[in-house]
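First the structure, in the form of structure tokens, and then the observations on it.
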Amino acid sequence: MSTDPAASPPAAKAMTSEQIEALDAIAGRLVTLRSKRSGLGLAVCAVARGDGASLTAAGLATAIAALGYSTVLVDADLEEPGLPSFISSDPTALGLADLLADERVSVADVMQPIVGLPPLSVVHAGAGGKGSADLVSTAGFSAFVADCMLNFEFTIIDTPPANRTTHAIEIVSAVGAAIVVARRDLSYMDDVATLARSISGANATVLGAILIES
């Protein structure tokens, strides 16, 4: 892992007390599950772009790291990454797409430690863009997830919207657990229920849900 922090703390974003309580409850459940195994992975999923998956992933990873657990936050939405809106990064730094597309890039090369939260590191999407989404379908992505779960206590992955691609479900399958995010007055509950069933169909566990206010 790089010893030169390249990212600053997550940007403060307004969340209601109910949303914060829901995140804390999920963080507590993850800590309990973590006590029963080594590293634990979680995909943060939403039906559509703008539902709040990236905000939730950043908030949850920060909450867990603040408890003192080593955590890595991964932006796996390679075509339209959402984490830069909530966690600043070095625009010249390598990211997940670079790791998966170039065998010369190592996991250590793409880790960006967060200043002020030593247990938290971020892997941004990197030089992805159009056509890069399929990289999460490769054996290299599965190997990356396994490496993260071996070396971090928690691996939190922000996924692409499920209404645009099946890659979110592939990511869920790789990590084994997920939470579903919906936004009031934007998300259709039937679509959210369909997403939850798809996650279960991928032999993964839905650990909870977050409702983001509009």
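What to note about this one:
Listed here are the residues, each with its yes/no results for (1) under 18 Å from ALA146 (Cα atoms); (2) without any contact (Cβ under 8 Å) to a residue 12 or more places away in the chain; (3) open to solvent by less than 30 Å² (accessible area, probe 1.4 Å); (4) not in a helix (DSSP H, G or I).
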position: TYR69; (1), (2), (3), (4): yes, no, no, yes
position: PRO84; (1), (2), (3), (4): no, no, no, no
position: LEU99; (1), (2), (3), (4): yes, no, yes, no
position: ARG104; (1), (2), (3), (4): no, yes, no, yes
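- Residue within the range 19-27 that is part of a loop (DSSP other than H, G, I, E, B), under 26 Å from GLU213 (Cα atoms) and at pLDDT below 90 present: no
- Within the range 148-176, tally of residues that are in contact with a Phe, Trp or Tyr (Cβ under 9 Å, 6 or more places away or on another chain) and without any contact (Cβ under 8 Å) to a residue 60 or more places away in the chain: 1
- Some residue of the range 103-117 being within 20 Å of SER173 (Cβ to Cβ) and not aromatic (Phe, Trp, Tyr): no
- Qualifying residue in the range 166-183 (condition: among the charged types (D, E, K, R) and surrounded by fewer than 18 Cβ atoms within 10 Å (Cβ to Cβ)): no
- Scanning the range 177-193 for residues that are on the phi < 0 side of the Ramachandran plot and either free of Cβ contacts under 8 Å to residues at least 40 places away in the same chain or aromatic (Phe, Trp, Tyr) (or both) yields ARG184, TYR188, MET189, ASP190, ALA193.
- Residue within the range 125-141 that is in contact (Cβ under 8 Å) with a residue 12 or more places away in the chain, open to solvent by 20 Å² or more (accessible area, probe 1.4 Å) and either aromatic (Phe, Trp, Tyr) or assigned to a strand (DSSP E or B) (or both) present: no
- The single condition from (1) in a loop (DSSP other than H, G, I, E, B); (2) open to solvent by less than 30 Å² (accessible area, probe 1.4 Å); (3) not basic (Lys, Arg) that LEU94 fails is (2).
The values are calculated or read from the model by the stated rules, or taken from the named source; none is laboratory data. These numbers were taken from a predicted model, which means no experiment stands behind them. All Cβ positions, even for glycine, are placed from backbone atoms using ideal geometry, and neighbour counts span all protein chains on display. These area figures cover heavy atoms from the full protein model, side chains too; ligands, DNA and RNA do not enter into them. Shrake-Rupley method; radii C 1.70, N 1.55, O 1.52, S 1.80 Å.
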